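These notes are about the structure you will find just below.
The values are calculated or read from the model by the stated rules, or taken from the named source; none is laboratory data. What you see is a predicted model; the values in this text were computed from it and never measured. Virtual Cβ from ideal backbone geometry, glycine too; neighbours counted across all protein chains shown.
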Amino acid sequence: MDRMDDLNSGDEDKGAIQKCIKDCRKITIIYQMIYYGYLTSAFLGAMVNGTTPYHMYNPYISPITDVYPIVYVVVLRTHIDLLKRRIENLRSDPDKSEDENYDELVKCVKAHRYADLIRPVISNTVFVQLVCTGLLLGLSTVSIMFFDIVDRLVTVYYSMAILSQTFPFCYTCESLLGDCNDLSVVILHSKWIGAEPRFRKTLVLFMHQTQAPVSFTACGVVQIGLDTNIKMVKFAFSVFTVVQGMDLMEKFKQ
């Protein structure tokens, strides 16, 4: 990411990066509010019922936030937007030589390559997160059948909290796909007419490279998007259906 930042030296680009940093801080704060809001509701619900939270309590374990996947994608979207702006400005300065214009194009190619290198970093962890979220949603739906009204409200809040781990991330990944699809169009409409052969050949290769969007996959198998989040919710209902079909709820009650 530092290398990607170094490729954007203009004041306007640095301002966009600073805005991205502020947005990521806001996202982190929102996630903290959601998680600590759930913890607060769990403690208040336990106090009302006169029990310990979760029927057990370990004060030495701190809550963990899963905010880094969406922060990664927000940063990538910012750099893709900056990359589109730089491509639009290629060969716009009449004072630059063809060699300088070619160097700017090479920097654009590097920026796209750096963005593509980030994808595997969170691929496996996102797969585990999606599977665990589907299981937890299904089990939460089942557990609501056993709880009183206070614990049910807490469980609903918990379900919303774990959904916040996946839905914003899937939505942002879907938006990133749209941003990447625009790259080829931006390259096509750039000022390449009249450029030297070396510039045009590199631009064609760059356009071919951008045909493969910077998309995230779960464990290299499932492409992440809004459809992924919907499938995860369906998986949660499948867990509930299996538990209900095996009469596990009645066995637990006994």
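Here's a check for you: in the range 22-53, which residue that is of a type in the set (Phe, Trp, Tyr) and closer than 15 Å to Ala161 by Cα is surrounded by the fewest Cβ atoms within 10 Å (Cβ to Cβ)?
Per the stated criteria, the residue is Tyr36.
Among the residues of the range 124-147, is any of a type in the set (A, V, I, L, M, F, W, C), over 24 Å from Val239 (Cβ atoms), touching a helix residue (DSSP H, G or I) at 6+ places or on another chain (Cβ under 6 Å) and in a helix (DSSP H, G or I)? Don't jump to the end; show me each part of the working.
Taking the range 124-147 and keeping what is of a type in the set (A, V, I, L, M, F, W, C), we get 126-128, 130-132, 135-137, 139, 142, 144-147.
Those still in the list that are over 24 Å from Val239 (Cβ atoms) too: none.
No: zero hits.
If the Cβ limit is 9 Å and pairs must be 6+ apart or interchain, which residue in the range 186-211 that is over 18 Å from Arg86 (Cα atoms) and part of a helix (DSSP H, G or I) pairs with which residue that is of a type in the set (D, E, K, R) and modelled with pLDDT under 90?
Every condition considered, the pairs that remain are Arg198/Glu98.
Among the residues of the range 178-191 satisfying the criterion of being surrounded by 18 or more Cβ atoms within 10 Å (Cβ to Cβ) and out of contact with any Asp or Glu (no Cβ under 9 Å at 6 or more places or on another chain), which is nearest to Asp227 (Cα to Cα)?
Among those residues, the one meeting the criterion is Cys180.
Which one of the conditions (1) touching a Ser or Thr at 6+ places or on another chain (Cβ under 7 Å); (2) modelled with pLDDT of 75 or more does Ser190 fail to meet, given that it meets all the rest?
(1)
Among (1) touching a residue at least 24 places away in the same chain (Cβ under 8 Å); (2) not in a helix (DSSP H, G or I), which single condition is Lys96 missing?
(1)
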